[in-house]
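The structure appears below as structure tokens.
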Amino acid sequence: MDGRYAKIIGASTSIQSVVEAAQRAARSDASVLLLGESGTGKELFSRSIHQWNHRHAMPLVVINCVALTETLLENELFGHERGAFTGADRLQKGKLEMAEAGTVFLDEIGDMPLPLQAKLLRVLQDPEFQRVGGTKTVSINIRIIAPTIKDLRQAVKTGQFREDLYFRLNVITLTLPPLRERRSDIPALAQFFLERHAREAKRPAITLSPTSMDTLTRHPWPGNIRELDNVIARAVVLSPTDTIEPDVIALAPEDAHLCGKHQGALPYLDLPYHESMDEHSRHIIARAIEKADGNQTRAVEYLKLQRTYLARLLKQQRDRQEGKIESEP
């Protein structure tokens, strides 16, 4: 089993109740619907259920229902026969067929186009199908796990999701709690991510200060566990000392979790790596200088940097803004 999925971390009642339900679900081959906000661990639970099931030695096949057009997704699911369309010069098995005796992970099934929902329903009712452009019936033996951030009951009401498919999938439903509802798990999760990223960055001695841990525990975590992981990863890279202080921790605005709809963290996270790090560094320095009322000597104390190093960072930032130097490739 991939090390990322070897352990579900958390001793809170809310997460342990889901773990126990998932372990019970894993004893059967019933379809599992996994609900929860982005970043709550739906993939982790999906892979864990597969590993706990008797099918664990067989394939776990992931199908992303968002990333592909309807035509490409149909081909991804069912495959095609030779000559089914221009360029189809050979038979291609679909992922449902490739998952024989294993598990199919239908990622974000709530975004599957309605015509394909109808075809998937037929497969679930009678586990067989025909490849695109074919007439031969292919029988399969698979287990379905379907995670989504969408409210499928609401999607049924608005006609975006088939009611019959919803009932077919909704044999076992697990709802993963957001991180802000399991704050007692944050120290253990933070320590887990810290140790992993420290190993990768070859900084084994790095730790979180008590104040930093308190900051993490109080944050609302609009991006949930994925956001916490990213925050720790950046802090490990950017911390100038072996003790991570709050000024190095970049957190999303505290109102970003309203209604649970804003899942992003900071806008520069979508930039290329070096540009993101440059922008993050700029924000940290600007915040420290602001706290110090413009006094760079006090800002240096907040940042725990040498003044000459801070001066060099500020010069680099000015030069980049003026186009004199470029970010690293």
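The values are calculated or read from the model by the stated rules, or taken from the named source; none is laboratory data. Since the model is a prediction, treat every value here as computed from it, not as a measurement. Here the Cβ is made from the backbone with ideal geometry for all residues, glycine too, and neighbour counts use every protein chain on show.
Assorted remarks:
- Subset of the range 8-33 (residues that are in a helix (DSSP H, G or I) and among the charged types (D, E, K, R)): E20, R24
- Among residues that are in contact with a Leu (Cβ under 6 Å, 6 or more places away or on another chain) and buried (at least 21 other Cβ atoms within 10 Å of the Cβ), A146 is included.
- Within the range 8-37, the set of residues being touching a residue at least 60 places away in the same chain (Cβ under 8 Å) and over 25 Å from F167 (Cβ atoms) comprises I9, G10, A11, S12, S14, I15.
Matching residues to (1) out of contact with any strand residue (DSSP E or B) (no Cβ under 8 Å at 6 or more places or on another chain); (2) at pLDDT below 95:
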position: A22; (1), (2): no, no
position: L34; (1), (2): no, no
position: L44; (1), (2): yes, yes
position: M58; (1), (2): no, no
position: L68; (1), (2): yes, yes
position: L72; (1), (2): yes, yes
position: E81; (1), (2): no, yes
position: F85; (1), (2): no, yes
position: A88; (1), (2): no, yes
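- Highlighted here are the helices (runs of 4 or more DSSP H) found entirely within the range 102-219 that include at least 1 residues which are touching a residue at least 60 places away in the same chain (Cβ under 8 Å): 114-125, 152-157, 163-169, 186-201.
- Test for L174: is it more than 30 Å from L106 (Cα to Cα) and modelled with pLDDT of 95 or more: no
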